[in-house]
Amino acid sequence: MYQQPKATSATTPLERALDQNEHVKDTVEQSANELFVINAVLKQELPKGTQSGDAAQALRKTDELETRIQESASNLAQVNQVLEKEIGERADLERELARTKATLAQAKDEPSVQ
């Protein structure tokens, strides 16, 4: 089930990308959990002896899909960590730039002594 991303106060493109990535990661994790439950029910309802042909193939495919979804969620979590780090670094650079601009403006306003 698709859920609309929550409204946030993200102001920069990186922050908005991180918010969107977090939402996608949560959706992927939720999908993996739902698939895990479906697999467990199917395996319980179809004992090993009856898991043949199409049913056995479907169970193998859902196992593979579950693994891929879990890997995707993990990859998204790693991407989110990189984005968080980048956002922090950019915020630090922006603060430093603001301090430098303020210092420069103050130096321009001071009368020069000769």
- Could you put Leu35, Leu18 in order, starting from the residue whose Cβ has the fewest other Cβ atoms within 10 Å? Leu35, Leu18
- Item | Full-extension gain in nm, Ala77 to Glu64, via 0.36 nm per residue minus C-alpha separation | 2.7 nm
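Run lengths n ≥ 4 of DSSP H only: what is the helix-derived mean residue ellipticity at 222 nm for the chain, with -39500 (n - 2.57) per run over all residues, to the nearest 500?
-29500 deg cm²/dmol, from helical runs alone.
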- Query: Helix 13-45: angle to the longest alpha-carbon principal axis of the chain, degrees 0 to 90, nearest 10?
  - Reply: 10 degrees
- Fewest Cβ neighbours within 10 Å first, please rank Asp54, Asp19, Asp26, Asp92 accordingly. Asp54, Asp92, Asp26, Asp19
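I need to check one value: relative contact order of the chain, counting alpha carbon pairs closer than 8 Å and at least 6 residues apart, in percent.
Values: 45 pairs, mean separation 40.2, N = 114.
About 35 percent, as a whole number.
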- Given springs between every Cα pair under 10 Å in a Gaussian network model of the chain, which of Val37, Val79, Val24 has the largest fluctuation? Val37
- Message: Need one number: convex hull volume per residue for the stretch 58-114, Cα atoms only, in Å³.
- Response: 52 Å³
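Based on the alpha-carbon set only, what is the convex hull volume of the chain divided per residue, in Å³?
Working: hull volume 11.6 nm³, N = 114.
Convex hull of Cα atoms, per residue: 102 Å³.
Read-outs throughout are calculated quantities, based only on the coordinates presented, and are distinct from any laboratory measurement. None of the values given here were measured: they were computed from a predicted structure. Heads up, the Cβs are rebuilt from the backbone with ideal geometry, glycines too, and the neighbour counts pull from every protein chain shown.
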